[in-house]
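Below: one structure, written as structure tokens.
The values are calculated or read from the model by the stated rules, or taken from the named source; none is laboratory data. Quick caveat, the model's predicted, so the values are computed rather than measured. As a convention, Cβ positions derive from the backbone with ideal geometry for all residues, glycine included, and neighbour counts pool all protein chains shown.
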Amino acid sequence: MSSERQSAGSALLVRPATFGFNPEAAQSNAFANPSGHPEISNRVLAEFDAVADRLGRAGIDVHVFEDTPDPPKPDAIFPNNWISFHADGTVAIYPMAAETRRRERNPEAIKDLLERSSFEVRRIVDLTEHEQHGRSLEGTGSLILDRPRRRAFASVSPRTDPSVIRDFDEQLGYSTFVFDAADRSGRPIYHTNVLMSLGTRFAVLCLEAVAAVHRRELVEEIEASGRTLIAVDFGQLKRFACNLIELRGGRGESVIALSSAALAGFHPEQRRTLERFGDLADTAIPTIERVGGGSVRCMIADVHLPRRA
């Protein structure tokens with residue numbers, strides 16, 4: 001066990017300058033769809049600002065990085081796919097499957113932004129050399145981190161390569177449970193955080209998406225960690241019910257951030273269970289979900305870095 005807490009009190013968000021449908025990324029993301037709407041930019045910025053405002057009102061320390069329009073970065077709103085922050089001062093930078101998404105990486109600017117708020121960066125682990133060999137691991141999209149136990153969970157996909165996971169484990173001191181998961185058509189689910197999330201005392205998982213050979217062991221892992229399992233089905237997965245994140249408010253209270261569609265997807269009993277573990281902070285982001293193929297958890301890079309005294 002490490003001293004790192006599961007939830008962070010701070011969150012990094014990237015306000016997009018050129019959000020849009022990314023055909024290259026959509027090759028492996030079945031959730032993304034062309035927009036066909038001329039006012040998409042205004043809609044997305046309004047949805048983004050609503051998420052930032054909702055988190056702020058819930059007591060989360062929100063840091064917004066302004067994306068630049070050149071070069072265009074249609075998925076910049078999802079920073080957790082290329083960067084993660086850790087309590088020992090480590091920042092990890094990840095290899096991306098789509099070349100168009102590699103433009104999003106701007107670690108020095110993010111480092112400057114956070115250091116101005118007295119966060120301390122002590123080490124940078126750069127895994128991006130794997131791109132030269134066609135391998136990717138897309139941050140906390142690919143990896144679900146059990147931070148106190150130094151355990152991670154990852155479903156294999158074109159964006160989540162086991163050899164990069166081994167490198168991550170070695171450099172960050174983790175042990176990752178690797179499994180297979182697919183949608184109803186048998187297509188690998190592009191990111192693990194679409195089918196699984198971990199809070200301090202709960203887990204949300206689409207169990208029927210997990211390959212039968214791995215289900216029992218995965219459930220046993222979750223139960224061994226002392227978490228309550230909330231099992232959702234494919235229909236709820238499609239509404240991004242698993243794509244949520246537990247954060248920590250200013251008084252130390254748990255805040256569970258998710259989209260309004262995700263919240264509406266939970267059955268009443270499941271919602272009551274989730275409410276036992278934190279205040280539910282939901283925001284409607286239909287354009288981001290439909291066009292970008294990601295939801296609230298994808299928008300948040302949770303900042304676990306230490307702060308200078």
Residue 163 vs. criteria out of contact with any strand residue (DSSP E or B) (no Cβ under 7 Å at 6 or more places or on another chain), modelled with pLDDT under 95 and either more than 20 Å from residue 257 (Cβ to Cβ) or not aliphatic (A, V, I, L, M) (or both): no
Scanning region 132-146 residue by residue, the ones that are polar (S, T, N, Q) and under 11 Å from residue 156 (Cα atoms) total 2
Being among the aliphatic types (A, V, I, L, M) and either closer than 12 Å to residue 237 by Cβ or surrounded by fewer than 21 Cβ atoms within 10 Å (Cβ to Cβ) (or both) is the filter here; which residues of region 173-210 pass it? 178, 181, 182, 189, 194, 195, 196, 204, 205, 207, 209, 210
Conditions (1) in contact with a Ser or Thr (Cβ under 8 Å, 6 or more places away or on another chain); (2) closer than 21 Å to residue 296 by Cα; (3) modelled with pLDDT of 95 or more; number of the one not met by residue 77: (1)
Condition test on residue 103, is it at pLDDT 95 or above and surrounded by fewer than 15 Cβ atoms within 10 Å (Cβ to Cβ)? no
From the list 75, 67, pick out the single residue that is closer than 15 Å to residue 13 by Cα and in contact with a Pro (Cβ under 6 Å, 6 or more places away or on another chain). 67
Quick check: anything in region 122-137 surrounded by 23 or more Cβ atoms within 10 Å (Cβ to Cβ) and in contact with a helix residue (DSSP H, G or I) (Cβ under 9 Å, 6 or more places away or on another chain)? yes
